[in-house]
Amino acid sequence: MKKLFLDIETLPAEGKDLPIVKQLFEEQKKKNGKKSPEVSFDGYFRGTSFSGEFGRIFCIGYAVDDQPTQCLSSGEAEMLEKFWQIAADAGQFIGHNVMDFDLRFIYKRSIILGVKPTQQLSFARYRNNPIFDTMREWEKWGGTGVSLHKLALALGLESSKQDGIDGSQVYDFFLAGKTEEICDYCKRDVEVTRKIYNRITFTN
């Protein structure tokens, strides 16, 4: 069975979507009223990087079975086309928080951009096939979830977050033109996820 390890890095909305994002921001402010803490538009805008509706994928890191990690980074639609080609014959999709974030984000962006997935995966919970979520499997589907960084350290593995970048800094790195560093970070996430998977499943 072909195993596909994956991780994505995302960015806030593109300029063409800013009018809609601003509209939604103003609607949210009115809905919350004066009792809620004031949220800046910049904070709201940056938060769209976690939303498949208006956020976008900057890169997709992946590894097939024991092969070296790779990183797709190009136009978003083209990147998704390549990803689904790679995923066409995968029997298991493996990632950290991949069920609630990465794969859901990929499906949403695929629909929005008109890229037809080569697989329609079941997102049924409390199982590890076809989606094996290392965060959920570690917690045995209880608790609030453990970060990739914390779990790596608990297992005596080198964390992917120890080279000056984590997920919260991706957009700032992007603005600074450090795109290669983002891809390298994404690939490290994939690699540590694979090591965690091997430990959890006693594969190695």
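Some notes on this structure:
- The requirement of being touching a Gly at 6+ places or on another chain (Cβ under 7 Å) and either hydrophobic (A, V, I, L, M, F, W, C) or more than 18 Å from V98 (Cβ to Cβ) (or both) is fulfilled somewhere in the stretch 185-197, by at least one residue.
- Taking the stretch 12-60 as the range and being polar (S, T, N, Q), free of Cβ contacts under 8 Å to residues at least 12 places away in the same chain and more than 30 Å from E81 (Cα to Cα) as the test, the residues that pass are Q23, N32, S36, S40.
- Scanning the stretch 153-179 for residues that are in a helix (DSSP H, G or I) and closer than 14 Å to T10 by Cα yields G167, S168, Q169, V170, Y171, D172, F173, F174, L175, T179.
- Odd one out for E191, checked against (1) acidic (D, E); (2) modelled with pLDDT under 95; (3) touching a strand residue (DSSP E or B) at 6+ places or on another chain (Cβ under 8 Å): (2)
- Some residue of the stretch 143-151 being among the polar types (S, T, N, Q), surrounded by fewer than 12 Cβ atoms within 10 Å (Cβ to Cβ) and farther than 23 Å from D89 by Cβ: yes
- Residue-level analysis places K116 among those that are exposed (fewer than 13 other Cβ atoms within 10 Å of the Cβ), at pLDDT 95 or above and under 24 Å from E14 (Cβ atoms).
- Inclusion of K108 among residues that are of a type in the set (K, R) and over 16 Å from the mean Cα position of the chain (by Cα) is not warranted.
- Residues located in the stretch 131-170, provided they are in contact with a strand residue (DSSP E or B) (Cβ under 6 Å, 6 or more places away or on another chain), in contact (Cβ under 8 Å) with a residue 60 or more places away in the chain and over 11 Å from I196 (Cβ atoms): V170
- Top-ranked residue of the stretch 63-81 - restricted to ones that are within 20 Å of I111 (Cβ to Cβ) and touching a residue at least 24 places away in the same chain (Cβ under 8 Å), ranked as surrounded by the fewest Cβ atoms within 10 Å (Cβ to Cβ): A77
- Single residue of the stretch 87-131 satisfying the filter (assigned to a helix (DSSP H, G or I) and in contact with an Asp or Glu (Cβ under 7 Å, 6 or more places away or on another chain)) that is farthest from E76 (Cα to Cα): M99
- Filter result for G61 (touching a helix residue (DSSP H, G or I) at 6+ places or on another chain (Cβ under 7 Å) and in a loop (DSSP other than H, G, I, E, B)): no
The values are calculated or read from the model by the stated rules, or taken from the named source; none is laboratory data. Keep in mind that what you see is a predicted model, and the values were worked out from it rather than measured. Note that each Cβ is placed from the backbone with ideal geometry, even for glycine, and that neighbours are counted across all protein chains shown.
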